[in-house]
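Down below is the structure, laid out as structure tokens.
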Amino acid sequence: MNILKKITILLLISSIFFVGCRSLEKETDSLIPHRTKVPLLRPNEYSIGMENGNSILFKELPNGLKVIVIEMPFSTIAYGMISFKVGGRYEPESHAGISHFLEHMLFKEKEGSEPVSEIRRMGGNVNALTDYELTTYYFTVLPEHFEESMTALSNIVLEPKFDSKDLANEREVVLEELARGKNDPRTLVLSSLVKEVFPSSPLTNLVIGNEQSIRRITLADLYAFHKAYYIPGNMIVVCAGAIDAKPAIRLVESLFGNLMPLPIPDISFEDPEIAVSNLTKEIPVNQAFHITGILVPGKAEEDYYEMMLLDVLLGSGINSRLHKRIVIDEGLTEEIYPYHYSLSDTGIWAIMLSVEPEDTERARKIIDEEIKGIKDGLFSDYDLSIAKQALKSRLLITLDRPMELAHFELESLAFRRDILTLQEHTEKLEAISRHDIILAARRHLTADNTITISLKPAPVPNRWFLILKLLLTGEL
Amino acid sequence: MIKKLLIIIITIFTFSQAGAEPVIKVLKNGIRVVLYETRTTNLVGVSILFSGGTRFEKKEEKGVFRLLELMLPRGTETRTEEMITEQISLLGDSFSISTTGEFWSLEATVVNDNLKDLLDLSKDILFDPAFSEVNLSKVKKMAIQTIKASEDSPWSHMSELYRAVFYPQFYAEKDTRITNIRNTKKSTIMRIHSEYFTPENMIIAIAGDIDQQGTIDLIDQIFGTLHHGVSSRQTEPKQQDTPLPLYRAQGGGITQAGILIGTRLKGFNRRDEHLLMLLGAVLDNSLGGRLYEEMREEKGLVYSISTHYSLSVKPYTWFIFSTSRKKNIKSVIDTTEDVIKELKRKPATDAELELAKEYLKTSLAISYLTPLTVANYNGVQLLRDEVPESLLERTIEIDSVSPQELDLFINKYFPKQWTKLVIR
């Protein structure tokens, strides 16, 4: 029954996408603010040779839409995606979850206009993902169906077809998704972390929103949100796999080139404020669930690459200091999960584990010691070189398929305003010295930036009270 | 006709890019090897399997076989734990050892240049473990903690209930497993290791960017010197044909209930797996299928619902799993049963079948981009004494299923009364 275990892990992984919100424009009741254009770091059209015989072509259309085509001549599939710079961070608190709700609603069809079914009939896998700063629609098909599928996907995202009946039904589906995300102490401890790291943000309700906001969203809200954000200057189209770049670019131009350029809504994100440094909750669990989270730089910020290496040195992978201490040396648990989730200008690094309740303090002490050890420079140049090589190997393994490479380049363009090849990425990592890492650790792994949360077993009589409370309020 | 021919030609061309036939070799010491060369990647997926798994645990061993998985990477006669963790990290951290009801497996993905390093490391871990007492006490503690932590996972509750109901002979309560683990001696672990980790009980499956002859030579050079083992338990323990309950429910959910509706597939032939795949795709495919449309799009009862089958241990099972808020339990059960009963009254249409086939072909093409998935499939097929098929062969099999075949399957295996398991 491995599938059920996998579902548990997927729940945990999916909760990553609900981490790290802060923002918003709180000063008005307006759903849609305004924004000025930020220039790219390279020209409006260029191509780059990549590793493994792949190549990449970038073009910005006159209306502001950006397109990336990744030719992967040895692939057997074609992947297409249309992404919008909007997500959980772009929503007022009253409408938390509207980006995600809209993503669901755009898949609704009406007789005579069934683009989702068109892709499905060609065997395509079609879906979407809403994050804090990006909402992305994508499909995977056999290469001969690429053109028709991209045409259908453009219809899905640009021509909403939903009505009030669809809204009522989909609201229940979204509420099911919300309930699913709260059905495990592992996701509860992660969502607690987000709430405490970004306490003033309405998006502590997570990308999906909360029951009140989900129930509040109207048909008019959804159409207004779509009209404001689903515009060419806010769009990135990525095509990857067994496709030819030039015809793909021509296709994108024909599908989107005539869209009117419109002003992009402006958003400013507030600096996060950590609410408390320590929090312990008693809930009906058997084991203790502990998380130490640290506020770290975002993808567009300095020290992002240093943070990637700190992650490898400290928590991710079997050779990390925390894995060695907690799993190998002391045998406290197998269930230890590192998280490094970054937005454009901030992020969270965290280590979460389950342990016997009496081992919680021991685990916490080890985490504190290892963080201090990094700041004190208790690692060698050799350790750093192993971390760099490990990270490079991971990237090579991860970015082998069109889907992963497409998402990697999408985020690179969206957050760093540039496309990076793996080689360029590696060069940035290689340039980092041990001294750089120590300085970055001292800047970011500070007590002020750190929060620890422990969920511990409640005394047995409280169990039913808490379950009743959960059933009545949906909250622990 | 011409269009159909063109599609067949395109399909053959597309899938021929993804690899040729799996090539099977047997080394002199009995190790079975299956290789699959693809041109779509620079990676190599490696799956090393040892037939056995928890179905062979005796009463006093229930829960114990997993300890071996935890002990193996904790140092060998020539490598310390630190050397092993460093090597795994350098290779990209895509490395795991696991225990199933059917086998132990070591799985890894590496860049093609690192294949030799990976195989050297694997041989060392699998055949020269140090088995220290200190480490045994550590892994016992961790294994017990894992069992206890699973109490805090609704889906682990469902997994337990599923195994207790469908495979009672192989199942033991958590407390029994914890007691067995506590009582395990090093000598027991060493005995299990020597009994199962033998060349004749072993399969090496490799897929991806490899040169077949060079890879066979490499495997022979590294593993060919291993001596025959003492013996391995060859006779598969028989599962008693215990009656299935109609309904079983227990607590464990927090905000949602987990609902499983399933049956055993008594007498089903593994070679007909493509029928199960196709049936699953008729009921649940990319944002569509009968279950998805009825349960989610029409009634808003679930966020996701999926079909599953298990062909690992006899008797095989087929089931539908979904989660929903607790107020919906009855509606989910009733609607799910209606949909699967409707399949008998209203068989899949040609259009539904065609869509399901296209969906599966794309899904297969996607899965063949991941070398480890291919290695796993080939290795498990060989372990089950089945013939690993190529992507093209699997595609043709799916394409060849007629509506009548699917109806026959449904009429033969779908029971009048389904077993319903609920984690409330």
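Quick check on segment A:60-74. Is at least one of its residues away from chain B (no Cβ under 11 Å), surrounded by fewer than 23 Cβ atoms within 10 Å (Cβ to Cβ) and at positive phi?
yes
Taking the condition assigned to a strand (DSSP E or B) and either buried (at least 23 other Cβ atoms within 10 Å of the Cβ) or acidic (D, E) (or both), does B:S306 pass?
Details: assigned to a strand (DSSP E or B): yes; either buried (at least 23 other Cβ atoms within 10 Å of the Cβ) or acidic (D, E) (or both): no.
Answer is no for this residue.
Tell me whether segment B:251-260 contains one or more residues that are hydrophobic (A, V, I, L, M, F, W, C), modelled with pLDDT of 95 or more and within 30 Å of B:F50 (Cβ to Cβ). Spell out how you get there, then give the answer.
Taking segment B:251-260 and keeping what is hydrophobic (A, V, I, L, M, F, W, C), we get B:254, B:257, B:259-260.
Then keep just the ones that are modelled with pLDDT of 95 or more; that gives B:257, B:259-260.
When the remaining residues are screened for being within 30 Å of B:F50 (Cβ to Cβ), the result is B:260.
Scanning segment B:251-260, I find at least one residue that is hydrophobic (A, V, I, L, M, F, W, C), modelled with pLDDT of 95 or more and within 30 Å of B:F50 (Cβ to Cβ), so the answer is yes.
Every residue in segment B:328-359 that is within 30 Å of A:I77 (Cα to Cα) and of a type in the set (V, I, T), please.
Start the filter on segment B:328-359 by keeping residues that are within 30 Å of A:I77 (Cα to Cα), which leaves B:348-359.
Of everything in segment B:328-359, just one residue is within 30 Å of A:I77 (Cα to Cα) and of a type in the set (V, I, T), namely B:T349.
If we keep just the residues of segment B:292-326 that are among the aromatic types (F, W, Y) and closer than 14 Å to B:M158 by Cβ, which is farthest from the chain's Cα centre (by Cα)?
Restricting attention to segment B:292-326, the residues satisfying the condition of being among the aromatic types (F, W, Y) are B:292, B:303, B:309, B:316, B:318-319, B:321.
Right, trim to closer than 14 Å to B:M158 by Cβ and you get B:319, B:321.
Numbers: B:F319: 15, B:F321: 17 Å.
Within segment B:292-326, the match that is farthest from the chain's Cα centre (by Cα) is B:F321.
Could we say that A:K388 is farther than 30 Å from B:E151 by Cα, of a type outside the set (A, V, I, L, M, F, W, C) and open to solvent by 10 Å² or more (accessible area, probe 1.4 Å) here? Before the answer, list the steps.
Values: farther than 30 Å from B:E151 by Cα: yes; of a type outside the set (A, V, I, L, M, F, W, C): yes; open to solvent by 10 Å² or more (accessible area, probe 1.4 Å): yes.
Judged against the criteria, A:K388 is a match.
Does A:N286 meet the test of being within 13 Å of chain B (Cβ to nearest Cβ), of a type outside the set (G, A, S), open to solvent by 10 Å² or more (accessible area, probe 1.4 Å) and under 30 Å from A:L470 (Cα atoms)? Even if it seems obvious, please write down each step before you answer.
Numbers: within 13 Å of chain B (Cβ to nearest Cβ): yes; of a type outside the set (G, A, S): yes; open to solvent by 10 Å² or more (accessible area, probe 1.4 Å): yes; under 30 Å from A:L470 (Cα atoms): yes.
Yes, satisfied.
Can you find a residue that is crowded, with 19+ Cβ neighbours inside 10 Å and at pLDDT below 95 anywhere in segment A:431-439?
No, segment A:431-439 has no match at all.
Consider segment B:314-336. How many of its residues are within 12 Å of chain A (Cβ to nearest Cβ), crowded, with 19+ Cβ neighbours inside 10 Å and within 15 Å of B:L291 (Cα to Cα)?
First, the residues of segment B:314-336 that are within 12 Å of chain A (Cβ to nearest Cβ): B:317, B:319-328, B:331-332.
Now drop any that are not crowded, with 19+ Cβ neighbours inside 10 Å, which leaves B:317, B:319-325, B:328, B:332.
Applying the additional criterion that residues be within 15 Å of B:L291 (Cα to Cα) yields B:319-324, B:332.
Within segment B:314-336, residues that are within 12 Å of chain A (Cβ to nearest Cβ), crowded, with 19+ Cβ neighbours inside 10 Å and within 15 Å of B:L291 (Cα to Cα) number 7.
Filter segment B:43-76 down to the residues that are touching a Gly at 6+ places or on another chain (Cβ under 8 Å) and within 14 Å of chain A (Cβ to nearest Cβ) and list them by number.
Here is the first cut: in segment B:43-76, the residues touching a Gly at 6+ places or on another chain (Cβ under 8 Å) are B:43-45, B:47-49, B:53-55, B:57, B:65.
Of everything in segment B:43-76, those that are touching a Gly at 6+ places or on another chain (Cβ under 8 Å) and within 14 Å of chain A (Cβ to nearest Cβ) turn out to be B:L43, B:V44, B:G45, B:G53, B:T54, B:R55.
Identify all residues within segment B:232-274 that are out of contact with any helix residue (DSSP H, G or I) (no Cβ under 8 Å at 6 or more places or on another chain) and β-branched (V, I, T); write none if there are none.
B:T235
Could you tell me which of the residues B:L72, B:L106 is surrounded by 24 or more Cβ atoms within 10 Å (Cβ to Cβ) and either touching a residue at least 40 places away in the same chain (Cβ under 8 Å) or under 27 Å from B:E195 (Cβ atoms) (or both)? Reasoning before the result, please.
Working: B:L106 fails: surrounded by 24 or more Cβ atoms within 10 Å (Cβ to Cβ).
Going through B:L72, B:L106 in turn, the sole match is B:L72.
Can you tell me which of A:K85, A:K108 is open to solvent by 10 Å² or more (accessible area, probe 1.4 Å), away from chain B (no Cβ under 14 Å) and at pLDDT 95 or above? Steps first, answer last, please.
Working: A:K108 fails: away from chain B (no Cβ under 14 Å).
The unique qualifying residue is A:K85.
If we scan segment A:410-429, do we find a residue that is modelled with pLDDT of 95 or more, among the hydrophobic types (A, V, I, L, M, F, W, C) and farther than 21 Å from A:S47 by Cβ?
Yes, because at least one residue in segment A:410-429 is modelled with pLDDT of 95 or more, among the hydrophobic types (A, V, I, L, M, F, W, C) and farther than 21 Å from A:S47 by Cβ.
What number of residues within segment B:121-136 satisfy the criterion of being in contact (Cβ under 8 Å) with a residue 60 or more places away in the chain and open to solvent by 40 Å² or more (accessible area, probe 1.4 Å)?
First pass over segment B:121-136, keeping only residues in contact (Cβ under 8 Å) with a residue 60 or more places away in the chain: B:122-123, B:126-127, B:129, B:131, B:135-136.
Then drop every residue that is not open to solvent by 40 Å² or more (accessible area, probe 1.4 Å), which leaves B:123.
So the answer is 1.
Can you tell which of A:S213, A:S277 is hydroxyl-bearing (S, T, Y) and under 24 Å from the mean Cα position of the chain (by Cα)?
Sole residue among the options that is hydroxyl-bearing (S, T, Y) and under 24 Å from the mean Cα position of the chain (by Cα): A:S213.
Among the residues in segment A:347-359, are any crowded, with 21+ Cβ neighbours inside 10 Å, at the interface with chain B (Cβ under 8 Å from one of its Cβ atoms) and either within 12 Å of A:I437 (Cα to Cα) or within 28 Å of the chain's Cα centre (by Cα) (or both)?
yes
Does segment B:77-105 hold any residues that are more than 10 Å from chain A (Cβ to nearest Cβ) and among the aromatic types (F, W, Y), and which are they?
Let us first name the residues in segment B:77-105 that are more than 10 Å from chain A (Cβ to nearest Cβ), namely B:77-80, B:83, B:97, B:99, B:102-105.
Answer for segment B:77-105, where residues must be more than 10 Å from chain A (Cβ to nearest Cβ) and among the aromatic types (F, W, Y): B:F103, B:W104.
Select from segment B:75-89 the residues that are crowded, with 21+ Cβ neighbours inside 10 Å and more than 23 Å from B:A205 (Cβ to Cβ) and list them in ascending order.
Filtering segment B:75-89 down to residues crowded, with 21+ Cβ neighbours inside 10 Å leaves B:75-76, B:84-85, B:87-89.
Across segment B:75-89, the qualifying residues are B:G75, B:T85, B:S89.
Can you tell me how many residues within segment A:116-135 are outside any loop (DSSP other than H, G, I, E, B), touching a helix residue (DSSP H, G or I) at 6+ places or on another chain (Cβ under 7 Å) and open to solvent by less than 30 Å² (accessible area, probe 1.4 Å)?
We begin by selecting, within segment A:116-135, every residue outside any loop (DSSP other than H, G, I, E, B); these are A:116-121, A:125-130, A:135.
Now drop any that are not touching a helix residue (DSSP H, G or I) at 6+ places or on another chain (Cβ under 7 Å), which leaves A:116, A:118-121, A:125-126, A:128, A:130, A:135.
Within this subset, residues satisfying the condition of being open to solvent by less than 30 Å² (accessible area, probe 1.4 Å) are A:116, A:119-120, A:126, A:128, A:130, A:135.
Residues meeting the conditions: 7.
Tally the residues that are of a type outside the set (G, A, S), free of Cβ contacts under 8 Å to residues at least 24 places away in the same chain and over 21 Å from A:Y337 (Cβ atoms), restricting the search to segment B:137-170.
2
Filter segment B:293-303 down to residues that are under 16 Å from B:T255 (Cβ atoms) and open to solvent by 30 Å² or more (accessible area, probe 1.4 Å), then give me how many there are. Break it down stepwise before answering.
Of all residues in segment B:293-303, those under 16 Å from B:T255 (Cβ atoms) come to B:301-303.
Those left that are additionally open to solvent by 30 Å² or more (accessible area, probe 1.4 Å): B:303.
Adding up the residues that qualify gives 1.
For segment A:167-176, indicate whether the set of residues that are in contact with a Ser or Thr (Cβ under 9 Å, 6 or more places away or on another chain) and at the interface with chain B (Cβ under 9 Å from one of its Cβ atoms) is non-empty.
The initial filter retains those residues of segment A:167-176 that are in contact with a Ser or Thr (Cβ under 9 Å, 6 or more places away or on another chain), namely A:167, A:176.
Narrowing the set further to residues that are at the interface with chain B (Cβ under 9 Å from one of its Cβ atoms) leaves A:176.
Checked against the condition, which is being in contact with a Ser or Thr (Cβ under 9 Å, 6 or more places away or on another chain) and at the interface with chain B (Cβ under 9 Å from one of its Cβ atoms), segment A:167-176 yields at least one hit.
Say we look at segment A:367-409 and pick out the residues that are more than 28 Å from A:A447 (Cα to Cα) and of a type in the set (S, T, N, Q); which of these is nearest to the other protein chains (Cβ to nearest Cβ)?
From segment A:367-409, those more than 28 Å from A:A447 (Cα to Cα) are A:389-390, A:392-409; that's our starting set.
If we keep only those that are of a type in the set (S, T, N, Q) too, we end up with A:389, A:393, A:398.
Details: A:Q389: 5, A:S393: 3, A:T398: 9 Å.
Among those residues, the one meeting the criterion is A:S393.
Tally the residues that are among the hydroxyl-bearing types (S, T, Y) and in contact with a Phe, Trp or Tyr (Cβ under 6 Å, 6 or more places away or on another chain), restricting the search to segment B:311-328. Talk me through it step by step, then tell me what you get.
Initially, segment B:311-328 is screened for residues among the hydroxyl-bearing types (S, T, Y), giving B:312, B:316-317, B:322-324.
This time we only want the ones that are in contact with a Phe, Trp or Tyr (Cβ under 6 Å, 6 or more places away or on another chain), so: B:316-317.
Residues in segment B:311-328 being among the hydroxyl-bearing types (S, T, Y) and in contact with a Phe, Trp or Tyr (Cβ under 6 Å, 6 or more places away or on another chain): 2 in total.
Restricting segment A:136-154 to residues that are open to solvent by 10 Å² or more (accessible area, probe 1.4 Å) and free of Cβ contacts under 8 Å to residues at least 60 places away in the same chain, which is farthest from the other protein chains (Cβ to nearest Cβ)?
Within segment A:136-154, the match that is farthest from the other protein chains (Cβ to nearest Cβ) is A:E148.
Can you pull out every residue in segment A:74-102 that is more than 30 Å from A:N205 (Cα to Cα) and in contact with an Asp or Glu (Cβ under 9 Å, 6 or more places away or on another chain)?
Of segment A:74-102, the ones more than 30 Å from A:N205 (Cα to Cα) are A:74-80.
Correct list: A:A78 only.
Can you name the number of the only condition in (1) at the interface with chain B (Cβ under 9 Å from one of its Cβ atoms); (2) open to solvent by less than 20 Å² (accessible area, probe 1.4 Å); (3) farther than 12 Å from A:W349 by Cβ; (4) in contact (Cβ under 8 Å) with a residue 60 or more places away in the chain that A:V312 fails?
A:V312 satisfies every listed condition except (3).
Do we find a residue being closer than 22 Å to A:E335 by Cα, assigned to a loop (DSSP other than H, G, I, E, B) and over 23 Å from the mean Cα position of the chain (by Cα) anywhere in segment B:152-165?
Taking every residue of segment B:152-165 in turn, at least one turns out to be closer than 22 Å to A:E335 by Cα, assigned to a loop (DSSP other than H, G, I, E, B) and over 23 Å from the mean Cα position of the chain (by Cα).
The values are calculated or read from the model by the stated rules, or taken from the named source; none is laboratory data. These numbers were taken from a predicted model, which means no experiment stands behind them. Positions of Cβ are backbone-derived with ideal geometry, glycine not excepted, and every protein chain shown enters the neighbour counts. Surface areas here come from the heavy atoms of the whole protein model, side chains and all, with no ligands, DNA or RNA. Shrake-Rupley method; radii C 1.70, N 1.55, O 1.52, S 1.80 Å.
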